[in-house]
Ligand SMILES: NC(=O)c1ccc[n+]([C@@H]2O[C@H](COP(=O)([O-])OP(=O)(O)OC[C@H]3O[C@@H](n4cnc5c(N)ncnc54)[C@H](O)[C@@H]3O)[C@@H](O)[C@H]2O)c1
Ligand SMILES: N[C@@H](CCC=O)C(=O)O
């Protein structure tokens, strides 16, 4: 097997790549508006009740009508997953890994179609959609290899006449609950990590992006996944989610989403229900309030570029987004001025048009939440760019910058999950790190400085799961920058990291005398 290397990003300045993407868009446009069933034990089940997925840049454009799971169907899916576990757990790890490798190859061949679907269903500009698809491929390639690394367990000591072994075995049925913002990568990554470890899965994708998840299950089937190993059951979080989280047969939950829902799941999953014979394991990756720190000895152009890219890439809808910048006072005005200039150059509009840097936000709820934070920001700080939006056709919010904020301001503490960044001054570098650590989250952070001593100080004291030096704070790559956060950002599971598959397994010791 060739060593793992991440999937390269597409260079859209090359004409052939642009044409290929536009071909992908045509393929997707030809299947817009179709109906999609649930998939339980391999069986297609159509329900009356539907989730309607639409294009966030054009509310009139239907992406698909997706059957909606009820509690009864979630129960049926649980039974199918339980049954499939009896055989899937005994399938050799090499064979399970093969399914992932084949699925990665299929997606690679249909790369631009998947990216175009993300543009339509999630509102991702070309480069962001391409990165999402590349990350999905990376998760499959990387986790397949990680499973092969774990398949024979870990070496332990044995005394004379004794044979000790330390093996990893699967857990059971896992409930995978995924968000819409990395509608392909996170949905696929969390699903395949669970299944390659020998577990079976109940996948509840986000209700705003269920079509890309359906297309992915078709890929897994084509790649040789047996029926019942991954069951596709989109449905309302409060109904299907709660039901499965509470279920006595659920062995583990892999959740990615907001802090509020993550904490609710943590509480419910800790309760032992009738018939349950284990403590459920929980992987929960949640929100962030991430800070870019700028020192006085720094490349100030790099600082401004990194702040803008981290804040406004995919309209700030990344858990990793840099939604605050803390700048040492000596260079504050220079950086602020350049951030304003760069922000005003950004283009916003339909992301199928490659010239738009930013597309829409995901839906009306999100639009309203972001606009209400912008109103709060107007009270708390000085609006220096953006501050408005347009939801007449799609949900567009202009990139917005607030200056001169207090570290305790709401827009400096709460996750907005939109294109809004707050800037503030610090007295010196130590003060900047102190402010950077003053939220309940601990996901990502960035430091721009040429001062080695300050970099080392940040390495020790800046308390985030993913810390970046002299670059922005988004864009972790599978196998290179394992991803996960501290504190209220979650369980620090480190997706795309060397320990991730192990979280979906349990270690078994056997000791034989001979
Ligand atoms: N740390 C990370 O790796 C990471 C990655 C991506 C997104 N996020 C976070 O996700 C959030 C944005 O995503 P979102 O809006 O989809 O989050 P969300 O919490 O609203 O929803 C996430 C998933 O949980 C489901 N859900 C809702 N209520 C539920 C319940 N009671 N029980 C079970 N499931 C339920 C939703 O249907 C969806 O599938 C942001 O806070 C972002 O920071 C974190
Ligand atoms: N892994 C992504 C963020 C995922 C959450 O939205 C990044 O590093 O930017």
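Quick notes on this structure:
- Averaging the Cα positions of each part gives two centres, and for segment 359-383 and segment 188-262 these lie 31 Å apart.
- Taking the DSSP bridge list for the chain and keeping only pairs wholly inside it, about 40 percent are antiparallel.
- The stretch between residue 98 and residue 6 holds 31.3 nm of extra length on full extension. This uses 0.36 nm per residue minus the Cα-Cα distance.
- Sites residue 513 and residue 279 - FRET efficiency at Förster radius 35 Å, r taken between beta-carbons, to 0.05: 0.65
- Two-site label geometry, residue 22 and residue 86: point separation in nm, points 7 Å out along Cα→Cβ: 5.5 nm
- Reference-scaled alpha-carbon Rg (2.2 N^0.38 Å with N residues) for the chain: 0.98
- Additional length obtainable on full extension of the chain from residue 355 to residue 13, 0.36 nm per residue less Cα span: 122.0 nm
- Anisotropy class of segment 246-346 from Cα gyration tensor, a/c 1.5 cut: prolate
- Global geometry of segment 397-485, whether rounded, prolate or oblate, following the gyration tensor of its Cα atoms and the 1.5 cut on a/c: oblate
- Stokes-Einstein D in µm²/s, Kirkwood radius over Cα pairs - segment 49-190 at 37 °C with 0.692 mPa s viscosity: 181 µm²/s
- Taking all Cα pairs closer than 8 Å and separated by 6 or more residues, the relative contact order of segment 24-169 comes to 22 percent.
- With helices as the sole contributors, the chain gives -12500 deg cm²/dmol at 222 nm; each DSSP H run of n ≥ 4 counts as -39500 (n - 2.57), and the sum is divided by every residue.
- Pairwise label distance in nanometres, residue 156 with residue 481, each label 7 Å out on the Cα-Cβ vector: 3.7 nm
- Cα shape, segment 16-109, gyration tensor, a/c 1.5 rule: oblate
- The order of the peptides 9-16, 194-201, 464-471 by mean Cβ neighbours within 10 Å, most packed first, is 194-201, 464-471, 9-16.
- Annotation for residue 301 and residue 218: the two label points, set 7 Å from Cα along the Cα-Cβ direction, are 4.7 nm apart.
- Gain on full extension, evaluated as 0.36 nm per residue between residue 79 and residue 258 minus their Cα-Cα distance, stands at 61.6 nm.
- Separation of segment 405-469 and segment 113-171, taken as the distance between their Cα centroids, equals 30 angstrom.
- Using a Förster distance of 41 Å, the FRET efficiency for residue 62-residue 268 (Cβ separation, nearest 0.05): 0.75
- Exposure proxy ranking, count of Cβ atoms within 10 Å, fewest first, for 286, 1: 1, 286
- For segment 199-299, the pair-distance distribution built from all alpha carbon pairs, in bins 10 Å wide starting at 0, is 13, 37, 28, 12, 7, 3, 0 percent.
- Packing-based exposure ordering (other Cβ within 10 Å, fewest first) of 324, 410: 410, 324
Read the figures in this text as sums done on the coordinates, not as results from a lab. Just so you know, these numbers come straight off a predicted model, no measurement behind them. As a convention, Cβ positions derive from the backbone with ideal geometry for all residues, glycine included, and neighbour counts pool all protein chains shown.
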